[in-house]
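Below is one structure; the comments refer to it alone.
The values are calculated or read from the model by the stated rules, or taken from the named source; none is laboratory data. From a predicted model like this one, the values you see are computed outputs, not experimental measurements. Quick reminder, even Gly has a Cβ in these numbers, built from the backbone with ideal geometry, and neighbours come from all protein chains shown. For accessibility, only protein heavy atoms count, side chains too; no ligands or nucleic acids. Shrake-Rupley method; radii C 1.70, N 1.55, O 1.52, S 1.80 Å.
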Amino acid sequence: MEEKYNPEQIELHWQEVWNREKTFAVHEDKTKEKFYLLEMFPYPSGRIHMGHVRNYTIGDVIARYLRMTGKNVLHPMGWDAFGMPAENAAISHKTHPKDWVDNNIANMKAQLKRLGLSYDWDREVNTSVPSYYRWEQKFFIEMYKKGLAYRAKSAVNWCPHCTTVLANEQVIDGKCWRCSSDVVIQEKEQWFLKITEYAEELLKDCDTLTGWPERVITMQKNWIGKSEGCEILFGIDGMDDKLRIFTTRPDTVYGITFMSIAPEHPLVEKMVTEQHRGAVQAFVDRIRRGGTKTREIEAGEKEGVFTGRYAISPFTGEKIPVFVANFVLMEYGTGAIMAVPAHDQRDFEFAKKYGLGIKVVIQPDAEVLDPETMQHAYEGSGKMVNSNQLSGTDNEQGKALVIGKVVKEHLGTAKINYKLRDWGISRQRYWGAPIPMVYCDTCGIQPVPFDQLPVELPMDVQITGEGESPLARHEKFLNATCPVCHGHAKRETDTMDTFMESSWYFEKYTSPSVKDAPFDRHALDYWMPVDQYIGGIEHAILHLLYARFITKVLRDLGYVRNNEPFSNLLTQGMVIKDGAKMSKSLGNIVDPENIIKQYGADTARLFILFAAPPEKDLEWADKGVEGARRFLDRLWRLVYKHINRLQQHGTPSANEDTGALAIRRLTHKTIKHVTDDIIKDRFHFNTCVSALMEMLNSLYEADDKGIKDADLNAFREALNTLLILLNPFAPHITEQLNKELGNPSLLTAPWPAYNPSFTHDNIVSVVIQVNGKLRGQISVPENSDEHTVFGIASADEKIKSYISNKPVKRLILVKDKLLNIVV
RNA sequence: GCGAGGGUGGCGGAACUGGUAGACGCGCCAGACUUAGGAUCUGGUGGGAUAACCGUAGGGGUUCAACUCCCCUCCCUCGCACCA
């Protein structure tokens, strides 16, 4: 055995063994309980960063631990290989995106292996290869045939920097999710997937995701944004057209004092009277020019102009003035609303600003609302007033009654609205999966027949980053044959959003090598769903919503059985340095490769696991890394010191002297501690690591006193156990030391069970409080009752002085822990 | 504004269903071994004068006992942000 711990040598050795022997390859095995553990696969940017190290280390601990408990663990890794940066790199480095990506994958794969991550690399998936995306193209066509994929012209989010369209989910605060450029709105034809068709199920099934963080569920629910109410048609004075509005508060229809419509509403032009045309036109132009961005910034400042036109209430027959207002959104509901200032804050502010009427129709029990003195709208519940025959009704019942009336009298319909929009997946980019459709002059839009898939992305392209996608200029790709009339057709040149590939890769891992179908049905059914998914919170909506959607679609297409892809979700925090996210611009990046070179992978892993619980942000501290390394050095030295004695074999016997017994207690208490902590509490590995540190500290103390020959078996048990317990966290050093000790590989070692007779003591120390204040500590036999403990305690001089001679009113005993003496 | 999660030593963080606050690590202090040490080892380390006592954002409450439960206030982070 080497005297000095040399992580590089040890780690490379074991990694080579694992690689050569395909140690972590798994197969379906019905005799074992399966566990599908997955971390979000990376974009092959070229180098791994600390966020990856954290994500994958957390996963690896779980994988290695679960294997030791006998589970059949699927733990795969792959590459989300399509996407913009490859094209940008191609432009700036004059390489082909494919070469750039393949090269990056090779680098990153080596880096991941260097971390000792226990993946089944035989299942590696690369989303940019035709054998992967051909199935995605098939799914797309099947969706098209079911009406779940359609082409439409609509206002879309356009990122001028990426020169492509973005989905709603990919616009964050009016900026592109990837490059932070301001997004502009453009009219474009593009392909949509009907995620709205699944809105209700996606919302409803949130309640089945009991293993997901509450805040992710909340974000998804908010994004789907369901609201129930009704649409009501209002007549327009002097016109045949009707004004359709959506409201969730039909109980307040008697409180309408005006109407508001969006500046983009098609009826604006038609409704506005000659007298008001100039003012309305000026207002609409100004709002339009500002675009969505300024409109959001100016949120709060409500503005509008009168159209000169009146709507007619189908409930009261009253004439109601119609305004064009900046806060009414064309893209939600019907683009027009009824305004009830007494019971809606926005309408209230608008009414105050323009001196419009306020009419109270809901009266709460606690106060009497007076339109004259109200400072803000009352949006709560109460009794309906000023509402004709409905006056006196509870407003919640009133909602249903008004909807009933609306439906019965054909004034409108009951309606559920969602904020969720269909998913626009067309990207005007080269490096993506081609959308498998052709345009025939005679037959119109036609899907490519299945037997002609994949529609391969041509490799011989010129990527300039300017103008149209290279595909639009690629004659051979562009020109196709119509599958129906065999005449000339043109191919769709847009590619799919890369979130499509990441919406089903976890299913592909279950059977990566099948060729004639996307999945092997038996493998899929055996492994799915993913039991534990781990990744960054930044995908709370984007990826996780799309993946849920596509899973449900694949279920309905007959490919998969499960309703949801991920049973449990862990969202790990960021790795930060000097209080900020690591970034090039801040110059606070720590390169994992340097850390591994300097300290070793085991140290890097250990530090990352120890420094913070997984869901919290982790502050990188170089000194902390040294602490982790020190622990491993100490472990190495202790084994080295005793290696010759320890190599003899033997197991601890039943009756040991006190030294051996103390060591065995330590061992079994630590097993209990680590076993209890490792999985429960959402993987708080930091306390596991600290328990192992404590154990090592205690073994050093024992060693200080001298390990007698009689203690040797207990000492050996302690070290062997420590190595097993530490193995998921630091797999290389533990495997090496374990080998030095002459034991069979830890890969086949079962997770140890603790012996309960060693996890508690016969003599326990009990805290003594007098009147709730800590006054001393005494040793008593286990399970002593309050009188016994009090007897011993009151004999203690110090405690006696606190009791003095006051009568004891009460004794409160927490068995084997605490006695509170109330005097 | 709404929703969620938080506020514990100089720092990262422990503390199970109310029961020794500050485990473990970093840093710091002292000592040992050393030519030396940024190596290693030993001891100490919430504040306070070694005391009484005070301490888990602040204030109040329940309790024999509160970081933990209840009420009020302040602050931080994240998400949503005119969705009718």
* Structure fact -> Residue hits (the stretch A:265-282; within 16 Å of RNA strand B (Cβ to nearest atom), touching a residue at least 24 places away in the same chain (Cβ under 8 Å) and either closer than 12 Å to residue A:308 by Cα or open to solvent by 60 Å² or more (accessible area, probe 1.4 Å) (or both)) are A:268
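Tell me which residues, restricted to the stretch A:798-823, are open to solvent by 50 Å² or more (accessible area, probe 1.4 Å), more than 54 Å from the chain's Cα centre (by Cα) and within 14 Å of RNA strand B (Cβ to nearest atom).
Scanning the stretch A:798-823 gives A:798, A:801, A:802, A:804, A:806, A:808, A:809.
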* So, of the residues in the stretch A:336-391 that are under 16 Å from residue A:324 (Cα atoms) and among the aromatic types (Phe, Trp, Tyr), which turns out to be most open to solvent (accessible area, probe 1.4 Å)? -> A:354
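A quick yes/no check of all residues on (1) under 24 Å from residue A:86 (Cβ atoms); (2) of a type in the set (Asp, Glu); (3) in contact with a helix residue (DSSP H, G or I) (Cβ under 7 Å, 6 or more places away or on another chain):
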| residue | (1), (2), (3) |
| --- | --- |
| A:136 | yes, yes, yes |
| A:208 | no, no, no |
| A:230 | no, no, yes |
| A:236 | no, no, yes |
| A:241 | no, yes, yes |
* Residues of the stretch A:326-375 being in a strand (DSSP E or B), in contact with a Lys or Arg (Cβ under 7 Å, 6 or more places away or on another chain) and near RNA strand B (Cβ under 8 Å from one of its atoms), which ones? -> A:336
* Structure fact -> Per the filter on the stretch A:493-517, residues closer than 28 Å to residue A:470 by Cβ and either open to solvent by 30 Å² or more (accessible area, probe 1.4 Å) or part of a loop (DSSP other than H, G, I, E, B) (or both) are A:493, A:494, A:497, A:498, A:499, A:500, A:504
* Structure fact -> Pairs returned, first residue in the stretch A:26-55 that is free of Cβ contacts under 8 Å to residues at least 40 places away in the same chain, second residue that is of a type outside the set (Asp, Glu), beta-carbon separation under 7 angstrom, 6 or more apart or interchain, are A:33/A:71; A:33/A:72
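So which residues in the stretch A:561-573 are assigned to a loop (DSSP other than H, G, I, E, B) and buried (at least 18 other Cβ atoms within 10 Å of the Cβ)?
Those that are assigned to a loop (DSSP other than H, G, I, E, B) and buried (at least 18 other Cβ atoms within 10 Å of the Cβ): A:564, A:565, A:567.
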* Given (1) over 34 Å from the mean Cα position of the chain (by Cα); (2) modelled with pLDDT under 95; (3) assigned by TED's automatic domain parsing to the domain that holds residue A:188, index of the condition residue A:469 fails -> (1)
* Using the structure shown, decide if residue A:596 is assigned to a helix (DSSP H, G or I), more than 16 Å from RNA strand B (Cβ to nearest atom) and under 30 Å from residue A:626 (Cα atoms). => yes
* To do: State whether one or more residues within the stretch A:71-83 are closer than 20 Å to residue A:497 by Cα, surrounded by fewer than 22 Cβ atoms within 10 Å (Cβ to Cβ) and under 23 Å from the mean Cα position of the chain (by Cα).
  => yes
* **Residue within the stretch A:221-231 that is without any contact (Cβ under 8 Å) to a residue 60 or more places away in the chain and in contact with a strand residue (DSSP E or B) (Cβ under 7 Å, 6 or more places away or on another chain) present** => no
* Asked: Using beta carbons and a limit of 7 Å, which pairs, at least six apart or on different chains, have the first residue in the stretch A:175-204 and surrounded by fewer than 20 Cβ atoms within 10 Å (Cβ to Cβ) and the second one part of a helix (DSSP H, G or I) and modelled with pLDDT of 90 or more?
  -> A:201/A:552; A:203/A:221; A:203/A:224
* Count of the stretch A:415-446 residues which are assigned to a loop (DSSP other than H, G, I, E, B) and among the hydrophobic types (A, V, I, L, M, F, W, C) -> 6
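Identify the residue in the stretch A:332-369 that is of a type in the set (S, T, N, Q) and within 19 Å of residue A:304 (Cβ to Cβ) and, among all such residues, is modelled with the highest pLDDT. Before the answer, list the steps.
Here is the first cut: in the stretch A:332-369, the residues of a type in the set (S, T, N, Q) are A:334, A:345, A:363.
From what is left, the residues that are within 19 Å of residue A:304 (Cβ to Cβ) are A:334, A:345.
On the way: A:334: 92, A:345: 89.
So, considering only residues that are of a type in the set (S, T, N, Q) and within 19 Å of residue A:304 (Cβ to Cβ), the one modelled with the highest pLDDT is A:334.
Looking at this structure, is residue A:553 over 11 Å from the mean Cα position of the chain (by Cα) and under 17 Å from residue A:210 (Cα atoms)?
no
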* Asked: Scanning for something over 21 Å from residue A:159 (Cβ atoms), among the aliphatic types (A, V, I, L, M) and surrounded by fewer than 22 Cβ atoms within 10 Å (Cβ to Cβ), does the stretch A:431-454 turn up at least one residue?
  -> yes
* To do: Please verify whether the stretch A:179-197 includes one or more residues that are of a type in the set (A, V, I, L, M) and out of contact with any strand residue (DSSP E or B) (no Cβ under 9 Å at 6 or more places or on another chain).
  => no
* Checking residue A:723 against (1) open to solvent by 50 Å² or more (accessible area, probe 1.4 Å); (2) more than 16 Å from RNA strand B (Cβ to nearest atom); (3) more than 28 Å from residue A:569 (Cα to Cα), which single condition isn't satisfied? -> (1)
* To do: Test residue A:136 against the criterion of being over 25 Å from the mean Cα position of the chain (by Cα) and surrounded by 16 or more Cβ atoms within 10 Å (Cβ to Cβ), and give yes or no.
  => no
* Structure fact -> Picked from the stretch A:370-387 (must be among the polar types (S, T, N, Q) and at pLDDT 90 or above), the residue nearest to residue A:250 (Cα to Cα) is A:387
